[in-house]
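Data first, discussion second: the structure below is written as structure tokens.
The values are calculated or read from the model by the stated rules, or taken from the named source; none is laboratory data. Values in this document were obtained by computation on a predicted structure and should not be read as measured data. We place every Cβ from the backbone using ideal geometry, glycine too, and count neighbours over all the protein chains shown.
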Amino acid sequence: MFEFISAILILLGASFALIGSIGLVRFPDIYTRLHGPTKVTTLGLGGLLLGSMIYMFLQGEGVAVRELLIIGFLFLTAPVSAHLVAKAALHRRCRSVCGLPDRDADS
Amino acid sequence: MLNVSINIALTMLALAMGCNLWRLLRGPDVTDRVLALDTLYINAVALLVLLDTADGKPLFYEAAILIALLGFVGTVAFAKFLLRGDIIE
């Protein structure tokens, strides 16, 4: 039963990572491309780590705190890095499909 | 059952890293390359954790934590450099 849940979580996480990376390839400009990796891939990694944690618990390795550490750290830092990359793209005036804001708005 | 799902997941992660590598090589601007590198870090963490799960022994967790930490620091440093032209002001 728990092995089944773990397998489902691992498959879900890996497919989310794949979908996020396909989004990185397929979206038209940098501002839309930020959505795929920073949201979907991070969520997929969370599911994968949860599945791995359940499986390690079944193997008798005890409750792994390290997986929870990785999940917490990635969920905290992914929005920060996305914000900084978006700010750098605005600063460099990268091409956007729906026009850029005024020069004054960027600072 | 878990072996089959782990093999499928490894294939999916390899495809995802291939997509990231394509964007890293192609990306029209340098910010695209930074974003692709950040995604590559996250997928590398996922790959290491999955390899650990396949073995059933926790061997690579320290490496995964290190990649997660240093990937974030690297992305912040790249973005800071693109914003200011300098990392430590």
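Give just the number: which of (1) facing another protein chain (nearest Cβ under 9 Å); (2) surrounded by fewer than 22 Cβ atoms within 10 Å (Cβ to Cβ); (3) in a helix (DSSP H, G or I) does B:Leu24 not satisfy?
It fails just one condition, (1).
Which ones in the range A:5-48 are more than 7 Å from chain B (Cβ to nearest Cβ), free of Cβ contacts under 8 Å to residues at least 12 places away in the same chain and assigned to a helix (DSSP H, G or I)?
Selection gives A:Arg26 alone.
From the list B:Thr11, B:Thr39, B:Thr31, which residue is surrounded by fewer than 20 Cβ atoms within 10 Å (Cβ to Cβ), β-branched (Val, Ile, Thr), at pLDDT 90 or above and on the phi < 0 side of the Ramachandran plot? Please lay out each step first, then the result.
Numbers: B:Thr39 fails: surrounded by fewer than 20 Cβ atoms within 10 Å (Cβ to Cβ); B:Thr31 fails: surrounded by fewer than 20 Cβ atoms within 10 Å (Cβ to Cβ).
Exactly one residue qualifies, and that residue is B:Thr11.
Are any of the residues in the range A:36-50 at pLDDT 85 or above, touching an Asp or Glu at 6+ places or on another chain (Cβ under 6 Å) and closer than 30 Å to B:Met1 by Cβ?
Yes: one or more hits.
Determine whether A:Lys87 is more than 10 Å from chain B (Cβ to nearest Cβ), in a helix (DSSP H, G or I) and of a type in the set (Lys, Arg).
In short, no.
Do we find a residue being closer than 15 Å to A:Thr77 by Cβ, free of Cβ contacts under 8 Å to residues at least 12 places away in the same chain and either at the interface with chain A (Cβ under 7 Å from one of its Cβ atoms) or in contact with a strand residue (DSSP E or B) (Cβ under 7 Å, 6 or more places away or on another chain) (or both) anywhere in the range B:54-67?
Yes, there is a match, as at least one residue in the range B:54-67 is closer than 15 Å to A:Thr77 by Cβ, free of Cβ contacts under 8 Å to residues at least 12 places away in the same chain and either at the interface with chain A (Cβ under 7 Å from one of its Cβ atoms) or in contact with a strand residue (DSSP E or B) (Cβ under 7 Å, 6 or more places away or on another chain) (or both).
Can you pull out every residue in the range A:60-84 that is part of a loop (DSSP other than H, G, I, E, B) and within 9 Å of chain B (Cβ to nearest Cβ)?
A:Glu61, A:Ala64
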